[in-house]
Amino acid sequence: MRARPVWWRSDGLPGRALFSSDRTDGVSVAAEKLSGEIQEHGYWGGVRDRIPLAQTDRLDPSGELSLETDPSTGLVTIRPHGNLCLIRSGQDWTETDGDERRMYLEDVEPLLHAGMDFLRDDGLEIGCYANRYLRVTTDDGVETDKSFGMSWWRSLEDLETWSESHPTHVAIFRAALKYLSTMGLDARLRLYHEVTVTEAGQQDFRYLGCHDRTGMLRTRPS
């Protein structure tokens with residue numbers, strides 16, 4: 001059976017990325033250079049402080065999400081409202097070993113996985129339109145020691161609220177703090193996240209032959 005395609009078109013995504021080391025990932029590999037160490041991290045609200053526009057704009061949702069279906073092809077096109085928020089958050093434990101590797105895989109990753117599953121299955125009720133938790137593989141399909149979560153949110157504020165107060169993220173945060181406080185400067189786990197807030201018209205999501213929980217299709221009224 002031939003798989004039917006899914007399209008996602010993006011145009012000019014303004015955003016900010018944060019890395020725990022000088023190694024880039026995601027769209028940041030295209031950057032000419034990194035900014036160097038910053039102060040706007042390690043506290044609730046740091047992501048908003050790293051977005052220049054957020055200093056003068058709340059970046060609240062504007063307009064309405066629209067959906068169109070082509071009756072001749074079944075192609076569904078979703079055009080989001082303004083200030084849709086995207087986060088891509090990654091983990092790289094390639095260089096860990098011994099107790100550090102065990103601590104991450106047994107104490108931290110299961111809680112991270114549980115949080116990602118919650119957003120995938122029930123995130124809509126708290127403003128998470130869609131979430132995927134993915135393992136990076138080689139070109140031959142072999143799993144690497146890298147993973148990332150990618151999710152679309154109704155707003156930056158909804159993302160912040162989940163991060164600050166929801167039990168699933170609080171559990172992840174506490175486990176990560178224990179891990180990092182135990183390992184200190186010897187920690188070899190590499191972390192990053194990229195956050196983008198898009199204007200209306202910068203995103204189209206197009207689906208053909210997909211089940212109703214695929215990506216942004218979850219926002220479609222039942």
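Values in this text are rule-based calculations from the coordinates and carry no lab data. Fair warning: this is a prediction, and the values are worked out from it, not measured in the lab. Glycine also receives a Cβ, built like all others from the backbone with ideal geometry; neighbour counts cover every protein chain displayed.
By counting other Cβ atoms within 10 Å of each Cβ, how are F118, F173, F148 ranked from fewest to most?
F173, F118, F148
From the backbone phi of the stretch 108-124, what are the Karplus-calculated ³J(HN,Hα) couplings (6.51 cos²θ - 1.76 cosθ + 1.60, θ = phi - 60°) in whole Hz, Gly and Pro given as x?
Using θ = phi - 60°, the values come out as 9, 4, x, 6, 4, 4, 4, x, 5, 5, 4, 5, 5, 8, 10, x, 4 Hz.
Assuming R0 = 45 Å, can you tell me the calculated FRET efficiency for the pair A171 and E68, based on Cβ-Cβ distance, to the nearest 0.05?
0.70
Taking θ as phi - 60°, what are the ³J(HN,Hα) couplings along the stretch 177-189 by the Karplus curve (6.51, -1.76, 1.60), each to the nearest whole Hz, with x for Gly and Pro?
4, 5, 4, 6, 5, 6, 7, x, 5, 7, 4, 10, 5
Sorting H81, H211, H193 on the 10 Å Cβ count, fewest up front, what's the list?
With the fewest neighbours first, H81, H211, H193 line up as H211, H81, H193.
Between T56 and R220, what is 0.36 nm times their sequence separation minus the Cα-Cα distance? Round to one decimal in nm.
Extra length from T56 to R220 when fully extended: 55.8 nm.
Go through the stretch 84-97 residue by residue and turn each phi into a ³J(HN,Hα) via Karplus (6.51, -1.76, 1.60, θ = phi - 60°); whole Hz please, and just put x for glycine and proline.
4, 10, 10, 10, 10, 10, x, 10, 9, 10, 4, 8, 7, 7
Mind giving me the nanometre distance, one decimal, between the label points for D139 and D212, set 7 Å out from Cα along Cα→Cβ?
With each label placed 7 Å out from Cα toward Cβ, I get 4.1 nm.
Is the stretch 124-222 rounded, prolate or oblate when judged by the Cα gyration tensor, a ≥ b ≥ c being the square roots of its eigenvalues, rounded requiring a/c under 1.5 and prolate requiring a/b larger than b/c?
Cα axes put the stretch 124-222 in the oblate bin.
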